[in-house]
Amino acid sequence: MGLVGYRLSLDGVILRCSVCGAAYEPDPWLFFCPRCGGVFDVVLEEPRVTRGFRGRGVWRYSELIPVKTQPVTMNEGGTPLIPVPRLAEESGVGAELYVKYEGANPTGSFKDRGMTVAVSLARALGVRRAAAASTGNTAASAAAYTARAGIGLTLVLPAGKVAKGKLGQSILHGARILEVEGGFDEALSVVVESVKRYGYYPLNSFNAWRLEGQKTIAFEVYEEIGVPDYVIVPVGNGGNISAIWKGFKELLEAGLIDKLPRMIGVQAAGAAPLADAFLQGLDHPLFKDHPETRATAIRIGKPINWAKAMRAVRESGGVFVKVSDEEIMKAQRMLARLEGIGAEPAGAAGAAALARLAAQGLLEKGERAVIVVTGHALKDPEAMMEAPTETLHAGSVEEAVKLLGLH
Ligand code: AN7
């Protein structure tokens, strides 16, 4: 218990290992399967039948979120679902396309949906210090939510590899920052060790309670347009695609829907341990030691949620796709210039996959697809400024007026 006591209940759920299937009581300090080391799914013991959702954002779905406590919230979620017909046409896609714009969350990414749940749980547990490794967005979100909860936060970041906007947010919200040489995978191993040795509370997606918030993307899509044929998701650690898939499955179990979408996981070509495995027909990921991509948010070689993510794609009849950095940057500009939607590079990975998916015979006329744009363009100012532009300069008002006349 902390200084202030918050009621907490985690009733009606078990923890089930995503790798070996072993089941455990819902211990909020158990993150890895004692039998095989796998990460858990939080599984509802019985399907929950809702009496109708109330309120807005993530906590509108509190009946389906098994962490019962006073929330640390900023009304995250409730993001816009935006039709993108010009993007569809330009990408040669017959299907009706929508963007689920997660950049519209309080800190500018989908992470806020999970963070509200994980930080609420941490506060109710009386946690004094939390930790997270991050390519940037988890850091920004954890920094904001722990600040709100009055919990100390240490961020472990890959030195020199976090986009400016995200680093700025982490600093602004007052997190302690430990930069480590190497990539995200090394940073994550530091956090795992800090949990075991020093009792830091982890806010990464191996904390399955966090993903219980992220599944609300599925609930919002369902409430707005029903079940689409495809949900296209950029994949790094694989937490988000598994959370969205879990959300749709819970709607099915609750009897609210009678079909499921196909889940499409998109990885950057230089950081594609899951897509590479999928394309070779393997059940195990092809972990990569030195992942590289301009989309730094998904510069991840050893996704800790690999088993969940591969299951989401396989069970749903979906696919993994790889896209090049060039395709990602082009898609970022298409979203921005055809639809007015500002995405950071990783956030544009889903849009970057459209042409390839169409070439595989997917996304046909009469079908509907939701592309999850996971993070806001402002996250990575340098990437925005790489877009080609025409900037004129004038030394005086007179000259400026003259220049305008020439165009
Ligand atoms: C914009 O912040 O891993 O597959 O440390 O920021 O659930 O990992 C970010 C991931 C996609 C991939 N798009 O989601 C972190 C981090 C954006 C992201 C992903 C991330 P997961």
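Here, each number is a calculation from the coordinates, and none is a lab measurement. Note that the coordinates shown come from a computational prediction; the quantities given were computed from them, not determined experimentally. FYI the Cβ positions are ideal-geometry reconstructions off the backbone, even for glycines, and counts take in every protein chain you see.
Need one number: nm distance between label points at ARG54 and ARG314, each 7 Å from Cα along Cα→Cβ, rounded to one decimal.
Each label point is offset 7 Å from its Cα along the Cβ direction, giving 4.2 nm.
Have a look at THR50, VAL127, ILE264 and report the one farthest towards the positive end of the charge dipole of the chain, computed about the Cα centre with Cβ charges (Lys/Arg +1, Asp/Glu -1).
Going by the Cα projections, it comes out as VAL127.
Near the amide H of ASN105, under 5 Å away, which other amide H atoms are found, from residues 5 or more places off or on another chain, if H is placed in the peptide plane?
The answer is none.
Label-point separation (nm) for ARG86 and ALA359, each offset 7 Å from Cα along Cα-to-Cβ?
Modelled inter-label distance: 2.5 nm.
Amide H to amide H, which residues 5 or more places from LEU153 or on other chains are under 5 Å from it, using H placed in the peptide plane?
Here ALA130, ARG176 satisfy the definition.
When only DSSP loop residues count, what GluC sites (Glu not before Pro) in the range 36-136 have their Cβ near at most 14 other Cβ atoms within 10 Å? Spell out each step's value before the answer.
Details: sites: GLU45, GLU63, GLU76, GLU89, GLU90, GLU96, GLU102; in loops: GLU45, GLU76.
Qualifying residues, ordered by number: GLU45.
Where in the range 326-407 are there trypsin sites (Lys or Arg not before Pro) that are in a DSSP coil and have at most 11 other Cβ atoms within 10 angstrom of their Cβ? The partial results should precede the final answer.
Working: sites: LYS330, ARG333, ARG337, ARG356, LYS365, ARG368, LYS379, LYS402; in loops: LYS365.
The qualifying sites are LYS365.
So if I place +1 on the C-beta of Lys and Arg and -1 on the C-beta of Asp and Glu, and nothing else carries charge, what would the dipole magnitude of the chain be about its Cα centre? I want it in debye, nearest 20.
Details: 45 positive and 44 negative charges, 215 e Å.
About 1040 debye.
Trypsin sites (Lys or Arg not before Pro) within the range 192-279: which are DSSP loop residues with at most 10 other Cβ atoms inside 10 Å?
Values: sites: LYS196, ARG197, ARG210, LYS215, LYS246, LYS249, LYS259, ARG262; in loops: LYS215, LYS259.
For trypsin sites (Lys or Arg not before Pro) across the range 192-279 that sit outside H, G, I, E and B with at most 10 neighbouring Cβ atoms in 10 Å, the list reads LYS259.
Please give the contour-minus-distance gain from ALA387 to ALA23: 0.36 nm per residue of separation, less the Cα-Cα distance, rounded to one decimal in nm.
Length gained, ALA387 through ALA23: 126.1 nm.
In debye, nearest 20: dipole of the range 310-407 around its Cα centre with unit charges on the Cβ of K, R (+) and D, E (-)? Kindly include the intermediate steps, with their values, before the conclusion.
Numbers: 11 positive and 14 negative charges, 106 e Å.
Magnitude of the dipole: close to 500 debye.
Mind checking the full-extension length gain between ILE171 and SER396? Use 0.36 nm per residue of separation minus the Cα-Cα distance, one decimal, nm.
On the way: separation 225, 0.36 × 225 = 81.00 nm, distance 3.88 nm.
Taking 0.36 nm per residue and subtracting the Cα distance, the gain is 77.1 nm.
Stretched out fully, how many nm does the piece from ARG333 to GLU193 gain, at 0.36 nm a residue minus the Cα gap? Let's see the in-between values first.
Details: separation 140, 0.36 × 140 = 50.40 nm, distance 3.98 nm.
That pair, ARG333 and GLU193, stretches by 46.4 nm at full extension.
In nanometres, what is the gap between the two model label sites at HIS284 and TYR6, each 7 Å from Cα along Cα-to-Cβ?
Distance between the two pseudo-spin positions: 4.0 nm.
Suppose a student asked you for the relative contact order of the range 341-407, using Cα pairs under 8 Å spaced at least 6 residues apart; what percent would you report? Before the final figure, lay out each step's value.
Details: 41 pairs, mean separation 26.0, N = 67.
Relative contact order comes out at 39 percent.
Read phi for every residue in the range 17-27 and hand back ³J(HN,Hα) as whole Hz from Karplus 6.51 cos²θ - 1.76 cosθ + 1.60, θ = phi - 60°, with x for Gly and Pro.
Coupling constants for the range 17-27: 5, 6, 9, 9, x, 4, 10, 9, 4, x, 7 Hz.
Based on DSSP, what percent of beta bridges with both residues in the chain are antiparallel, to the nearest 5?
Working: 14 of 45 bridges.
Taking every DSSP beta bridge within the chain, about 30 percent pair in antiparallel fashion.
If the reach is capped at under 22 angstrom between alpha carbons, list the lysines near LYS68, excluding any in the same chain fewer than eight residues apart.
Hits, sequence-local ones excluded: LYS111, LYS215, LYS246, LYS249.
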